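*Asks:* Here you go, one structure.
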Amino acid sequence: MAILERLRLIEAPLDKLEAEMVGFTPEQEERVQEHIESTGLPSDNIHRVVYRPARRGEENIIGSFQPYDGTLTIYKPIDKLSPVAQHSTIIHEQAHSSSPLDERNSRLYGSDKEMIAARQHAIAVSRQSIETGKYLNPYQKYLARQLEADQIDQSRFVEETHAILVELRFNNPEHLRQVEMAQIKRASKMGKDGVALMTNSNDAANGKVIGVDRTLTSLIDGLNTKEDIDRHANGLKTSLIQSGRPILPKELPLAA
């Protein structure tokens with residue numbers, strides 16, 4: 001359990017993943033289970049983790065989560081990605097598994113109040129992204145075009161915005177801060193109050209956590225401040241980079 005042994009950043013015990021693992025080699029299974037646990041995000045709703053090739057129509061999909069049966073699927077093209085990109089995929093799907101749009105998930109947030117706060121923030125950021133034309137990442141921009149064409153509904157757009165916020169807070173908070181500044185600047189020119197995406201230094205100095213940081217402190221026991229989140233997220237990413245090993249290594253063919 002190399003990652004968990006190196007990362008003792010969350011003082012509270014990490015949730016153990018209790019899920020059926022399908023399609024993995026023993027090494028892959030151990031590394032994926034270990035990594036899901038190491039994020040600290042709730043795994044209560046994940047009942048099955050599947051690793052399989054993408055089917056027709058799934059060629060551009062790397063991961064998915066089905067709330068109706070709790071299946072988190074990782075698709076084979078992920079083994080071509082860097083360890084950090086694999087990490088992003090797992091975080092994104094874990095965020096879906098604890099969606100604030102699902103009323104049943106209030107237990108994961110500690111209260112209805114915190115789940116509603118996370119939902120309202122995802123809605124506000126979704127609206128701000130569309131109004132300002134400053135998107136969290138290319139995927140959110142693509143989804144906005146789908147929404148405009150009535151190919152997805154507003155709930156799907158908000159759901160994905162929540163997952164993108166969590167993914168970026170773990171993996172690229174610098175980018176998230178830049179998007180926040182661009183959105184708020186554009187919103188101000190439009191005569192609107194901007195919505196913060198995450199906690200800034202002044203908020204932290206006053207003991208506040210806001211935006212996606214509030215969502216994460218609700219979901220992850222042992223994280224209470226911006227500094228806690230920074231330390232945990234940076235530790236995970238640094239550990240992956242230093243190890244030089246992917247979470248999902250390719251299956252090498254046996255020698256003839």
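*Asks:* Check Asn45 against each of (1) within 17 Å of Glu159 (Cα to Cα); (2) in a helix (DSSP H, G or I) and name the one condition it does not meet.
*Replies:* Asn45 satisfies all of (1) within 17 Å of Glu159 (Cα to Cα); (2) in a helix (DSSP H, G or I) except (2).
*Asks:* Check region 44-55 and report whether any residue there is closer than 19 Å to Glu18 by Cβ and out of contact with any Gly (no Cβ under 7 Å at 6 or more places or on another chain).
*Replies:* Yes, region 44-55 has at least one match.
*Asks:* Further question on the same structure: Take the residues in region 201-223 that are part of a loop (DSSP other than H, G, I, E, B) and without any contact (Cβ under 8 Å) to a residue 24 or more places away in the chain, then tell me which one is nearest to Arg127 (Cα to Cα).
*Replies:* Only one residue fits best here, namely Ile210.
*Asks:* List every residue pair whose Cβ atoms sit under 6 Å apart, with the two residues 6 or more apart in sequence or on different chains, where the first one lies in region 133-158 and is over 17 Å from Leu197 (Cα atoms) and the second, anywhere, is part of a helix (DSSP H, G or I).
*Replies:* Leu143/Phe157; Leu143/Glu160; Ala144/Ile130; Leu147/Phe157; Ile152/Gln146
*Asks:* When the residues of region 155-176 are filtered to those that are within 12 Å of the chain's Cα centre (by Cα) and of a type in the set (Asp, Glu), which remaining residue is nearest to Leu101 (Cα to Cα)?
*Replies:* My answer is Glu159.
*Asks:* Would you point out the residue of region 173-199, among those that are in contact (Cβ under 8 Å) with a residue 24 or more places away in the chain, of a type outside the set (A, V, I, L, M) and part of a loop (DSSP other than H, G, I, E, B), that is surrounded by the most Cβ atoms within 10 Å (Cβ to Cβ)?
*Replies:* Thr199
*Asks:* Here is a further query. Conditions: (1) among the acidic types (Asp, Glu); (2) over 28 Å from Lys16 (Cβ atoms); (3) modelled with pLDDT under 95. Asp153 meets all but one. Number of the miss?
*Replies:* Result: Asp153 fails condition (3) only.
Quick grid of which residues meet (1) closer than 15 Å to Lys250 by Cα; (2) surrounded by 21 or more Cβ atoms within 10 Å (Cβ to Cβ):
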| residue | (1), (2) |
| --- | --- |
| Gly57 | no, no |
| Ile61 | no, no |
| Ser64 | no, no |
| Tyr68 | no, no |
| Tyr75 | yes, no |
| Leu81 | yes, no |
| His96 | no, yes |
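*Asks:* Every residue in region 114-126 that is touching a helix residue (DSSP H, G or I) at 6+ places or on another chain (Cβ under 9 Å) and surrounded by fewer than 22 Cβ atoms within 10 Å (Cβ to Cβ), please.
*Replies:* Those that are touching a helix residue (DSSP H, G or I) at 6+ places or on another chain (Cβ under 9 Å) and surrounded by fewer than 22 Cβ atoms within 10 Å (Cβ to Cβ): Glu114, Ile116, Ala117, Arg119, Ile123.
*Asks:* Another question, if that's okay. Does Ser188 qualify as being of a type outside the set (A, V, I, L, M) and either modelled with pLDDT under 95 or under 23 Å from Ile62 (Cβ atoms) (or both)?
*Replies:* Against the criterion (of a type outside the set (A, V, I, L, M) and either modelled with pLDDT under 95 or under 23 Å from Ile62 (Cβ atoms) (or both)), Ser188 does not qualify.
*Asks:* Sticking with this structure for a sec: In region 62-101, what residues are of a type in the set (A, V, I, L, M) and more than 18 Å from Val22 (Cα to Cα)?
*Replies:* Of everything in region 62-101, those that are of a type in the set (A, V, I, L, M) and more than 18 Å from Val22 (Cα to Cα) turn out to be Leu81, Val84, Ala85, Ile91, Ala95, Leu101.
*Asks:* Right, here's the next one. Could you count how many residues in region 127-159 are farther than 15 Å from Ala182 by Cβ, in contact with a helix residue (DSSP H, G or I) (Cβ under 6 Å, 6 or more places away or on another chain) and assigned to a loop (DSSP other than H, G, I, E, B)?
*Replies:* Residues flagged as farther than 15 Å from Ala182 by Cβ, in contact with a helix residue (DSSP H, G or I) (Cβ under 6 Å, 6 or more places away or on another chain) and assigned to a loop (DSSP other than H, G, I, E, B) within region 127-159 amount to 1.
*Asks:* Moving to a separate point now. Among the residues of region 71-83, is any part of a loop (DSSP other than H, G, I, E, B), modelled with pLDDT of 90 or more and more than 20 Å from Tyr139 (Cα to Cα)?
*Replies:* no
The values are calculated or read from the model by the stated rules, or taken from the named source; none is laboratory data. The shown structure was predicted, so the numbers you read here are calculated from the model rather than taken from an experiment. FYI the Cβ positions are ideal-geometry reconstructions off the backbone, even for glycines, and counts take in every protein chain you see.
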